[in-house]
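First up is the structure itself, then whatever we jot down about it.
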Amino acid sequence: MIILCLNCGSSSVKYRLYNWDERRTLAAGIVERIGIKDSFCEQEVAGKEHIRIPQDCQDHRQALQLAVSTMTHPRYGVIKDMSCISAVGHRVVHGGEKFAKSVIITPEIYKTFEDLSDLAPLHNPPNLMGIKAAQEFMPDIPHMAIMDTAWHQTMPEHVYTYALPYEWYTKYGVRRYGFHGTSFLYVAKRAAVLLEKNPFECNLVICHIGNGASVNAVKNGVSYDTSMGFTPLEGMMMGTRCGDHDTAIDFFIMQKENKSPQEMNSILNKKSGLLGITGKTDMRDIQDAVDRNDDMASLALEMECYRIKKYLGSYCFAVGGAHAIVFTAGIGEMSDIVREKSLQGLESLGIVFDPEKNRIAKTRNSESEISAKNSKVKIFVVPTDEERVLIEDVVHLLDGTYQIHTQFTYRFQDPEYMNTLRCLEFAEECQKKPELLGIMPLIYKKAFLKEVKKQEGLKKRIQQIPDVQKYLPGIEKELN
Ligand code: ADP
């Protein structure tokens, strides 16, 4: 069974084609610069050369057409034609209060998403254009919607209600919704595996820190509070979004500089955050600038990490003490400096990170444990995998076994679950950085070794890792 996952943004369409029976990704690609000049499609296929096809795409329909022709390309393609695909999973940013789980898209559901566009004017319209175009290309198969807000529907009323005139909620739906839910679901379930606990007995604080960033308080395995609110603007300091600030500043500046609400909205979403302070949005550039003693970059880094620390503190209290703190997404997975600064000085609260393990933990292909032996709270780094949630939801919606996550167990909750593609990439990373092998959480290491024994090619690459015995004692004997 082949599943297509689509994530349509305002100027890009990301796709992943997955063979469920063989449990492997066939192709992953992106069409970028839709509606702008010089659009192109890039596609990656394991074991094949990476391709880039330039072609102008005026809209999402043309972008999808380009993606389809790339997936079915006589030379670079991976399927003969689109009739091989059994179903499509669409990432939808805003499901409002109506959806606490993924759904099959019917005309009524589509209409509900249209009505919700008011709440997410930047995100839902491109998601809907993608659904329309995909339904046009693949009219005879089911299309499913997986929503970023669904996971947070368990938040209690006193958490999601703003201290604003209550009629704004009843009239317009003004409340906290939260985002990044698909990522939080994946990471929360994986953290329970690493803790070797029932997911519904786990209290967690998850930091999804990418270009967009939010923190999630998970109490007894479900979302209890999150830093993004009515829109993704609230909470953390992000690449270009300001996060928490005194809204009186907005009115002050609107008056001083004669700005319209639209202009102000655009500044807060697109010109603030790291960009507003440093002129840069990419954390790698900011870290480089810090190394060159750039004062503004240092300020931005301190600001971002202090904000993470404040949320860590408040959410540890909110859940009544966390079993684990988990970092995920681009910065969470790759920036040891951000993790270090956010976690420093919390020893008296039982949160102790191991500086050496933290320094090593820079990979998007393996799970790591960075807490010190004496830390009461475990600290993990878990590469997120939103597409995996999409795929499983689609497969189980198709076979009728899908349920809301509180009554459903995902395959990736199996302690022996391994993402095969990531395993291969991890083996390559370890050729240069074998110390990554030494920071795998115990349960993950067991699953990894089981996978290594299954795959001859992977086994060979592991045996070639320099000093492999040092990080995986007894491995030679185990593999032979
Ligand atoms: P998005 O939020 O757009 O989905 P990601 O989760 O991939 O994106 O996160 C993007 C962020 O991750 C960027 O700010 C980028 O700088 C940061 N990042 C990626 N690699 C590294 C690295 N090696 N060190 C520090 N930051 C990194």
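Summary table
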{"quantity": "Candidates 351, 331, filtered to the one that is hydrophobic (A, V, I, L, M, F, W, C), under 22 Å from the mean Cα position of the chain (by Cα) and either modelled with pLDDT of 95 or more or surrounded by 19 or more Cβ atoms within 10 Å (Cβ to Cβ) (or both)", "calculated": "331"}
{"quantity": "Near pairs, Cβ below 7 angstrom, 6+ apart or cross-chain, from segment 450-466 (surrounded by fewer than 12 Cβ atoms within 10 Å (Cβ to Cβ)) to any residue that is part of a helix (DSSP H, G or I) and of a type in the set (S, T, N, Q)", "calculated": "464/431"}
{"quantity": "Where a residue in segment 1-28 is touching a residue at least 24 places away in the same chain (Cβ under 8 Å) and under 20 Å from residue 425 (Cα atoms) and its partner, wherever it lies, is part of a strand (DSSP E or B) and of a type in the set (Phe, Trp, Tyr), with Cβ under 7 Å and at least six apart", "calculated": "25/18; 26/18"}
{"quantity": "Residue match in segment 415-433 (condition: buried (at least 18 other Cβ atoms within 10 Å of the Cβ), under 30 Å from residue 99 (Cβ atoms) and among the aromatic types (Phe, Trp, Tyr))", "calculated": "no"}
{"quantity": "Verdict on residue 397 being touching a helix residue (DSSP H, G or I) at 6+ places or on another chain (Cβ under 8 Å) and assigned to a helix (DSSP H, G or I)", "calculated": "no"}
{"quantity": "Any hit, segment 279-300, residues being in a helix (DSSP H, G or I) and on the phi > 0 side of the Ramachandran plot", "calculated": "no"}
{"quantity": "Hey, residue 380 within 16 Å of the ligand (Cβ to nearest atom), at negative phi, aromatic (Phe, Trp, Tyr) and crowded, with 22+ Cβ neighbours inside 10 Å or not", "calculated": "no"}
{"quantity": "Residues satisfying the stated conditions in segment 248-278, i.e. more than 23 Å from residue 211 (Cβ to Cβ) and assigned to a loop (DSSP other than H, G, I, E, B)", "calculated": "258, 259, 260"}
{"quantity": "Filtered residues of segment 267-298 (kept if within 28 Å of residue 252 (Cα to Cα) and among the charged types (D, E, K, R))", "calculated": "270, 271, 280, 295"}
{"quantity": "Answer from 216, 198, 203 - the residue that is in contact with a helix residue (DSSP H, G or I) (Cβ under 8 Å, 6 or more places away or on another chain) and either among the β-branched types (Val, Ile, Thr) or surrounded by fewer than 24 Cβ atoms within 10 Å (Cβ to Cβ) (or both)", "calculated": "198"}
{"quantity": "Lone qualifier among 117, 83, 69 - being under 16 Å from residue 14 (Cα atoms), free of Cβ contacts under 8 Å to residues at least 24 places away in the same chain and either over 26 Å from the mean Cα position of the chain (by Cα) or surrounded by fewer than 21 Cβ atoms within 10 Å (Cβ to Cβ) (or both)", "calculated": "69"}
{"quantity": "2 or more residues over 21 Å from residue 83 (Cβ atoms) and not aromatic (Phe, Trp, Tyr): qualifying strands (runs of 3 or more DSSP E) within segment 1-71", "calculated": "2-8, 24-32, 40-44, 51-54"}
{"quantity": "Test: residue in segment 403-414 that is at pLDDT 95 or above, in contact with a His (Cβ under 7 Å, 6 or more places away or on another chain) and not β-branched (Val, Ile, Thr)", "calculated": "no"}
{"quantity": "In segment 243-258, residue farthest from the chain's Cα centre (by Cα) [restricted to those that are within 27 Å of residue 305 (Cβ to Cβ), more than 16 Å from the ligand (Cβ to nearest atom) and surrounded by 13 or more Cβ atoms within 10 Å (Cβ to Cβ)]", "calculated": "253"}
{"quantity": "Test: residue 308 is β-branched (Val, Ile, Thr) and within 14 Å of the ligand (Cβ to nearest atom)", "calculated": "yes"}
{"quantity": "Selection within segment 8-32 - touching a strand residue (DSSP E or B) at 6+ places or on another chain (Cβ under 7 Å), under 24 Å from residue 49 (Cβ atoms) and not hydroxyl-bearing (Ser, Thr, Tyr)", "calculated": "13, 14, 16, 17, 19, 26, 27, 28, 29, 30, 31, 32"}
{"quantity": "Residue within segment 241-257 that is closer than 24 Å to residue 207 by Cα, in contact (Cβ under 8 Å) with a residue 24 or more places away in the chain and in contact with a Pro (Cβ under 8 Å, 6 or more places away or on another chain) present", "calculated": "yes"}
{"quantity": "Sole exception among (1) among the basic types (Lys, Arg); (2) without any contact (Cβ under 8 Å) to a residue 60 or more places away in the chain; (3) crowded, with 17+ Cβ neighbours inside 10 Å for residue 307, by number", "calculated": "(2)"}
{"quantity": "Residue that is farthest from residue 366 (Cα to Cα) [pool: residues in segment 384-427 that are among the polar types (S, T, N, Q) and in contact (Cβ under 8 Å) with a residue 24 or more places away in the chain]", "calculated": "403"}
{"quantity": "Candidate set: segment 385-411, residues that are under 18 Å from residue 24 (Cα atoms) and in contact with an Asp or Glu (Cβ under 7 Å, 6 or more places away or on another chain); chosen: the one surrounded by the most Cβ atoms within 10 Å (Cβ to Cβ)", "calculated": "410"}
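Every residue, every condition in (1) surrounded by 13 or more Cβ atoms within 10 Å (Cβ to Cβ); (2) free of Cβ contacts under 8 Å to residues at least 40 places away in the same chain; (3) within 16 Å of the ligand (Cβ to nearest atom), yes or no:
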| site | (1), (2), (3) |
| --- | --- |
| 260 | no, yes, no |
| 265 | yes, yes, no |
| 273 | yes, yes, yes |
| 291 | no, yes, yes |
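The values are calculated or read from the model by the stated rules, or taken from the named source; none is laboratory data. Keep in mind that what you see is a predicted model, and the values were worked out from it rather than measured. Cβ sites come from the backbone with ideal geometry, for glycine too, and all protein chains shown count toward neighbours.
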